[in-house]
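The values are calculated or read from the model by the stated rules, or taken from the named source; none is laboratory data. None of the values given here were measured: they were computed from a predicted structure. Here the Cβ is made from the backbone with ideal geometry for all residues, glycine too, and neighbour counts use every protein chain on show. We work out accessible area using only protein heavy atoms, side chains counted, and drop any ligands, DNA or RNA first. Shrake-Rupley method; radii C 1.70, N 1.55, O 1.52, S 1.80 Å.
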Amino acid sequence: MKDTLIAISNELLDNATNLSSEQMEKLRQERLQLNKQIQLLERHIRSASADQERQNSHFSASTTNILNTQYETPRTACFRMDSMRLDSQNNVFDLPGSSDRYNLSSVAASSVDRCGFSSVPLVRETYMPSIVDVNYIEGSNDKTWSSRDFPWTKKLEVNNKKVFGNHSFRPNQREVINATMSGYDVFVLMPTGGGKSLTYQLPALICPGVTLVVSPLVSLIQDQIMHLLQANIPAAYLSANMEWTEQQEILRELSSDNCKYKLLYVTPEKVAKSDVLLRHLESLHGRELLARVVIDEAHCVSQWGHDFRPDYQGLGILKQKFPNTPVLALTATATAVVKEDVVQALGLVNCIVFRQSFNRPNLCYSVIPKTKKCVEDIDKFIKENHFDECGIIYCLSRMDCEKVAEKLQEYGHKATFYHGSMDTAQRAFVQKQWSKDEINIICATVAFGMGINKPDVRFVIHHSLPKSIEGYHQECGRAGRDGLRSSCVLYYSYSDYIRVKHMISQGVGEQTPFTYGHNRMNSANSGRMLENNMENVLRMVSYCENEVDCRRLLQLLHFGENFDPANCGKTCDNCSRTKSSVEKDVTEIAKQLVELVKSTGQKFSSSHILEVFRGSLGQYVKKHKHDTLSLHGAGKHLAKGEASRILRHLVTEDILVEDVKKSDIYGSVSSMLKVNESQSNNLCFSGRRIILRFPSSTKALKFGKAEVTPGKELSASGKMCSPHIQTPAQPQSEFDLNLSAKLYSALRMLRTALVKEAGEGVMAYHIFGNATLQQISKRIPRTKEELLEVNGIGKAKVSKYGDRVLETVESTIKEYYKKSDKNSSTGSNDSAESAKRRRESLKVSRASLKEDDDFMELNRRLRTRIIHESDDRSAQLSEAFEEENFSECIDADLDVADDCYEVQASGSNSDLKPSGSVRVLPSWSMSRA
Ligand SMILES: Nc1ncnc2c1ncn2[C@@H]1O[C@H](COP(=O)(O)OP(=O)(O)OP(=O)(O)O)[C@@H](O)[C@H]1O
């Protein structure tokens with residue numbers, strides 16, 4: 001029925017060229033209404049089936065009598081009064097008022113028994129989403145939110161430092177916190193690793209009551225809880241897989257007047273299916289103890305995002321039930337359409353949107369032609385750039401994952417695979433090994449997402465073409481969450497596009513971690529969705545084919561963000577080879593494209609325009625009689641990709657405008673190319689020229705690239721790339737770097753011991769991230785106060801681990817000076833002096849990225865030296881990998897490697913040349929060889 005309606009309304013619009021603009025608008029409005037009704041119907045059907053499922057579920061059946069009463073929250077309940085909010089801006093520190101017309105708290109509160117469960121028949125209303133008109137308020141440039149005069153400012157700053165160990169706020173963190181604490185609904189677009197968690201965890205800590213956090217994966221939830229518990233913040237989660245008694249205990253705590261939890265994490269399914277949970281939320285709300293609702297990974301709400309999860313759409317019930325409780329929706333990936341969809345589905349009317357650049361300066365991007373020797377290339381790349389470091393290799397199929405992992409094992413890497421055919425226990429085991437650094441490389445399908453909170457992922461490699469720029473950006477985003485330099489390498493071949501295209505048309509393929517085990521609606525391979533997926537993968541192809549434009553620019557444009565390639569700092573392959581391109585005047589081609597967009601009525605997508613321009617005789621082209629246009633085939637002579645580049649350039653220059661909207665047809669995305677009249681007049685009549693750069697010899701570039709590893713290609717120094725960095729105030733000598741490297745190694749060993757002592761579930765990064773260990777190594781703190789100055793260390797961590805860290809610092813320094821005393825009579829004084837000097841100077845000037853780079857580079861060189869110096873390194877390394885405590889072995893490598901260089905002894909050799917009698921492998925390895 002829906003398809004017929006769509007066909008009819010499409011036909012109406014397609015043939016309506018003779019209608020007046022009023023008539024057209026009326027028609028559009030009618031279709032819009034039709035679309036809304038279909039949406040309502042679809043959601044109703046979904047929620048009815050969810051109801052059915054709930055009724056059948058053991059959980060409901062054992063506790064309730066279901067009695068469906070349906071209501072639709074009146075529109076007034078969805079629209080919150082701005083004036084009320086603004087009034088509360090400076091006064092509401094505690095919870096905003098909670099006059100909820102629809103709250104059932106009196107029933108809930110009075111009927112909760114001492115176990116926390118209802119003793120009266122439960123009434124759960126079927127959730128009926130209301131379609132609301134979305135209106136955003138841009139918050140990013142509003143100075144109100146960066147003010148330091150909120151009543152909570154002091155508390156915020158103190159707790160940020162003391163509890164979370166942060167010395168400042170990252171971009172938008174303070175602003176988001178101020179807006180949500182003022183009682184507003186807030187939508188946050190912040191890149192991966194940008195620090196979204198703090199924007200709700202800090203308010204949760206200082207506001208009375210409990211913050212409800214909806215998060216898509218139990219593993220992510222557990223990870224967050226571990227982090228919180230390390231900082232002594234009481235938090236809990238409820239999941240269907242938990243022991244019944246455990247759930248009871250948590251619910252009982254939620255019912256108590258002095259509930260100790262500051263945060264309660266749940267999955268969206270829990271909200272959709274558990275009446276008991278809703279009851280407890282109502283009870284909390286009734287007692288003014290529901291501080292805030294947080295929707296993490298909010299893009300899962302939208303079926304136009306790549307992670308759609310149906311149960312997320314039901315989360316609108318929370319806003320309906322608790323209209324005065326602020327909602328905070330967070331995501332690291334959302335196009336304009338996805339954002340609109342999310343805001344509407346959650347019922348966030350007049351919410352404040354904070355967005356910031358999706359650019360990740362510490363990630364270096366490159367696209368490499370994929371050859372038959374792809375895995376060999378990968379092996380070489382890892383050994384040269386990230387040996388012994390942690391990474392992910394994304395593969396298209398399950399078989400690919402296994403094959404790639406096997407080959408890498410043969411090459412001596414500690415690698416394994418992860419995909420959807422493995423059972424839960426196997427997947428959990430692999431994830432755990434990876435999280436604990438027992439395995440370095442995971443070859444995975446996009447199903448791999450658990451453990452993505454690992455901050456020290458140094459590389460993400462795509463062995464095949466990703467399905468969308470959005471997905472690619474997010475997958476790459478798993479690298480370098482600690483802010484340190486990391487690589488993103490994509491191996492591209494056009495034949496992979498054919499594979500992906502086929503998979504999409506068949507509706508097969510792995511689900512992303514967030515959608516895992518959930519159907520992406522039955523319509524995954526139907527109509528608009530299919531078209532959308534095809535368009536997405538084509539954009540990805542065009543990204544890969546582009547050998548000139550800045551990779552950051554290309555990615556960021558997708559999210560509606562402009563980026564000046566000058567700021568790339570040669571951290572992508574295209575920017576780092578500007579020499580091999582030529583400039584062409586493409587003004588005439590540009591004019592033709594603009595003309596073509598006009599002559600097709602400005603209602604077709606860019607890909608359709610390009611099809612016509614290239615002279616396609618496809619069905620759709622013929623249907624619209626575009627094969628009869630004079631410009632049909634006008635771009636035939638252009639090299640592949642040139643026309644699309646020119647067209648995209650016109651969009652970036654605002655001459656053509658990509659009109660991306662939710663279409664009138666049941667909410668789907670549509671993108672129509674329009675002409676910006678004033679800009680196009682400028683082009684057509686004012687003599688404006690358009691000059692673009694193209695590779696000077698496409699062939700040479702394409703095939704030349706495969707000969708070198710990306711590391712070599714990007715930098716002769718062997719570094720993958722070096723982000724735009726500041727020069728440190730005081731250069732760090734190699735001698736100091738050696739001390740720091742030694743200390744870092746010792747601290748890693750200490751951390752391994754602490755993880756073992758901490759028991760199940762605690763990962764290394766829950767205790768100290770690598771970035772924190774690096775800072776300690778460079779600042780060399782000697783007291784607890786100095787330790788508190790290190791980013792990432794709060795009071796709880798100092799009291800838990802401070803003594804052990806300081807002991808390690810002392811013993812390492814002592815040992816180090818003892819050794820250097822033996823080697824050089826002056827060295828120790830120099831180094832003692834310089835260590836002291838550096839501690840002092842670092843108090844003033846924070847460690848810079850440049851230092852991180854030098855430090856990491858030294859570590860890398862020490863480690864890779866080990867494999868380069870040995871002929872039969874693979875065998876030896878394989879054996880090394882078999883060692884139980886691999887990370888400790890590698891730390892031992894560093895100890896030995898330190899001794900191998902004569903830097904300290906001579907005091908003049910700054911090139912780290914190995915000594916003649918170099919012993920490159922540690923004793924344990926040599927004895928086995
Ligand atoms: N103000 C800050 N100062 C220093 N470090 C911070 C700050 N805020 C957050 N961090 C650190 O940054 C890292 C990433 O933070 P977080 O996990 O919240 O990122 P995220 O935006 O949620 O990323 P993702 O999208 O991957 O979930 C964490 O290690 C966190 O401790």
Would you mind telling me the share, in percent, of accessible area of the stretch 184-233 contributed by carbon and sulfur at probe 1.4 angstrom? 60 percent
With a probe of 1.4 Å, find how much accessible area the stretch 283-397 has per residue, and write the answer as a whole number in Å². 19 Å²
Once the piece of chain linking Tyr620 and Glu588 is laid out straight, how much longer is it, given 0.36 nm per residue of separation minus the C-alpha distance between them? 8.9 nm
Compute the distance in nm between two label points, each set 7 Å from the Cα along the Cα-to-Cβ direction, one at Leu638 and one at Arg148. 5.2 nm
In nm, what is the difference between 0.36 nm times the number of residues separating Gln426 and Met534 and their Cα-Cα distance? 35.6 nm
Write out the GluC sites (Glu not before Pro) in the stretch 243-347 meeting two conditions: DSSP loop, and at most 10 other Cβ atoms within 10 Å of their Cβ. Glu243
Which of Lys370/Lys742; Lys161/Lys273; Lys154/Lys814; Lys436/Lys800; Lys143/Lys603; Lys383/Lys742 exceed 30 Å between C-alpha atoms? The answer is Lys370/Lys742; Lys161/Lys273; Lys154/Lys814; Lys143/Lys603
How many nm is it between the label spots at Lys814 and Arg499, if each spot is 7 Å from the Cα in line with the beta carbon? 5.7 nm
When you count, for each residue, the other Cβ atoms within 10 Å and take the mean per peptide, how do 390-399, 223-232, 323-332 rank with the highest first? 323-332, 390-399, 223-232
Between the modelled labels at Ser696 and Asn567 (7 Å from Cα along Cα→Cβ) the distance in nm is 3.0 nm
Distance cut-off 19 Å, Cα to Cα: go down the list Lys407/Lys432; Lys373/Lys432; Lys467/Lys501 and report the pairs above it. Lys407/Lys432; Lys373/Lys432
Residue span Asp803 to Ser686: 0.36 nm per residue of separation minus Cα-Cα distance leaves a gain in nm of 34.9 nm
For each pair in Lys262/Lys756; Lys414/Lys570; Lys162/Lys260, compute the distance between the two Cα atoms and list the pairs where it is over 23 Å. Lys262/Lys756; Lys414/Lys570
